[in-house]
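Derivation of every value follows stated rules applied to the coordinates shown; laboratory data play no part. Bear in mind the structure is a predicted one, so any value in this text is a computation, not a measurement. Please note: Cβ atoms are built from the backbone with ideal geometry, for glycine as well, and neighbour counts cover all protein chains shown.
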Amino acid sequence: MSIRLRLTLWYVGVLTAILIVFSAVVYTFLSFSLLDEVDRTLRDRATQVGAGIVAQNDPLTVLRTGLIDLPELDVFSTPALYIQVIRGDGSVARRSQNLGNQRLPLDTDLLAVNLNGQPAIKTIVLESGVRLRMVSVPISVGERVVGAVQVGQPLTNVDAVLQRVLVLLMGGTIVTVIVAGGVGFLMSWLALRPIDRITQTAGRIAHAQDLSRRLPVPKTDDEVGRLVSTFNAMLERLDRLFQAQQRLGADVSHELRTPLTTIRGNVDLLRRGAADDPVERAVALDAIEGEVDRMSRLVADLLLLAQAEAGIKLEKQPVELDTLILQVYRQAQLMSATRFPTGERVAIHLGHEDQAIIEGDPDRLKQLLLNLIDNALKYTPPGGHVTISLYHDQDWVRVSVEDTGVGIPPDVLPHIFDRFYRAQREGRKGVGLGLSIARWIAEAHGGNLTVESQVGKGTTFTLWLPTATE
Ligand code: ADP
């Protein structure tokens, strides 16, 4: 069952229940009030007639002769009000003229109550179906009940009024429920229409497998608007993940293809006779070894990124950063010497150096810094400088690697931490994983890796690490 129908049914159901209870209360209250009004008139008349009889008769005479002098009843009656006086045995002693030859029905219950000296009131249903309200008040002489005054009124008018009110209440309830049901359904249809549109668009996106599509955001900032925004944000994220996955596959195969081609070429060369010439053989084997190294590095980097994604935690221990920086510095000098075997080199310096102990994984931190230095050496021409510094502030320990190299253009800067991103494609200097791994290592230590750069002047990478707590 659709939400629309369910909402409407609930709404109509609750409304119907409320209207029925309301109608029942109104109807009951009205019928009690009308009957009470009739009863009061009947009781007044009976009391008046009774008082007249008592005033007109001497009790002693009545007791002695058994005869009662009765007043003229028509003075008290109206066309719709019947009065009769009965004797103790139920026979009629006098009746108002509007009764003609008839009498008010003899009711044994009423008579029995009267003979006990109590007034009584009752609704009697006549043979014609008309309801008759009747009051019967005893006439007592001394202790003895000698008869009763009975006043009756047909409830025809009261019943007609009640009937009309009942029709009105029922009709009103039915009409209201129908109208409210229609309006309720229309309103829930209008309110839920945007959801239908979302479902359709989402269906189209799923069908076309096009994650770049977005749902139109409604102008209203309501529940549906928020749902659409959340849905779009989810699509955005899925789209990015999906593209990243596709790119990763393409990049990895691309990166592997080049070294494989080089290896195959050199193996062919060796087969075709290069193996016999010691110089050619050494060149070919060097090339093969270089490419194998490159592939090993790529695979190791990919493995590390996969572990990072799987959420594998680092093995942390207290690390003396100043000592670690010294080791990195020495290795950096070796790297510079290897990279620039002849002529001018890039000079490596130790800048500011505080003492600092942090909680971390020394191997990964060393890998991070060597990555930064490797980049600095790659992008700094001979004669330039690379400076490593360590600052210990109150909350943070900062390690900066500053070079005087080519710098990074501002439009490139936001992308350098992306996987497989390389600004300088030519020269095949790297695979573009170094900085994304470096940033992951920094974040896994609760820190960060930031960069500042000026084209032509140089670049500074800063590693931020939280100081160790006790
Ligand atoms: P790569 O393997 O290409 O070095 P990285 O992730 O380490 O990959 O770096 C991504 C890109 O950032 C590089 O291709 C380069 O364009 C830029 N880059 C990184 N470090 C420096 C630097 N010190 N100076 C200039 N550009 C840099």
* Asked: Per residue of the chain, what 222 nm ellipticity follows from adding -39500 (n - 2.57) for every DSSP H run with n ≥ 4, rounded to the nearest 500?
  -> -19000 deg cm²/dmol
* **Label-to-label distance, nm, for residues given as PHE22 and THR467 (7 Å Cα→Cβ offset)** => 7.2
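With charges set only on the Cβ (+1 for Lys and Arg, -1 for Asp and Glu), what does the dipole of the range 237-320 come to about its Cα centre, in debye to the nearest 20?
In total the dipole reaches around 440 debye.
Cut-off is 10 Å between beta-carbons; in what order do VAL328, VAL451 appear when sorted fewest neighbours first?
Numbers: VAL328 25, VAL451 17.
Final ranking by Cβ density, sparse to dense: VAL451, VAL328.
In percent, what relative contact order does the range 3-160 have, based on Cα pairs under 8 Å that are 6 or more apart in sequence?
Working: 211 pairs, mean separation 36.1, N = 158.
Computed over the range 3-160, the figure is 23 percent.
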* Asked: For GLU309, GLU452, what ranking results if the residue with the fewest other Cβ atoms within 10 Å of its Cβ goes first?
  -> GLU309, GLU452
* **16 Å Cα-Cα reach of LYS378 towards lysines, excluding residues that sit fewer than 8 places from it in its own chain** => LYS429, LYS457
* Set Lys and Arg Cβ to +1 and Asp and Glu Cβ to -1, take the dipole of the range 205-320 about its Cα centre, and tell me which of LEU270, PHE242, GLY290 lies farthest positive. => PHE242
* Structure fact -> Output for the range 231-289 (equivalent-ellipsoid semi-axes, sqrt of 5λ from the C-alpha gyration tensor, Å, descending) is 45, 8, 4
* Structure fact -> Note on the range 33-104: the mean projected area of its alpha-carbon convex hull, in nm², is 5.4
* Setting aside same-chain residues fewer than 8 positions from LYS313, which lysines have a Cα under 27 Å from its Cα? -> LYS366
* Once the range 242-330 is represented by equal point scatterers at the alpha-carbon sites, with solvent omitted, what log10 I(q)/I(0) does the Debye formula produce at q = 0.13 Å⁻¹? -> -0.71
* Structure fact -> By Cβ neighbour count within 10 Å, fewest first, VAL431, VAL397 rank VAL431, VAL397
* Size of electric dipole in the chain: Cβ of Lys, Arg +1 and of Asp, Glu -1, about Cα centre, debye, nearest 20 -> 1820
* To do: Name the residue farthest towards the positive end of the dipole of the chain from the options ALA120, ALA202, LEU304, assuming +1 on Cβ of Lys and Arg, -1 on Cβ of Asp and Glu, about the Cα centre.
  => ALA120
* Asked: Once the dipole of the range 3-160 is set up with Lys and Arg at +1 and Asp and Glu at -1 on Cβ about the Cα centre, which of GLY100, ILE18, SER136 lies farthest towards its positive end?
  -> ILE18
* To do: List the relative contact order of the chain as a percent without decimals, with contacts defined as Cα pairs under 8 Å and 6+ residues apart.
  => 9
* Structure fact -> Using the Kirkwood radius over Cα pairs of the range 317-466, the Stokes-Einstein translational diffusion coefficient at 37 °C and 0.692 mPa s, in µm²/s and rounded to a whole number, is 212
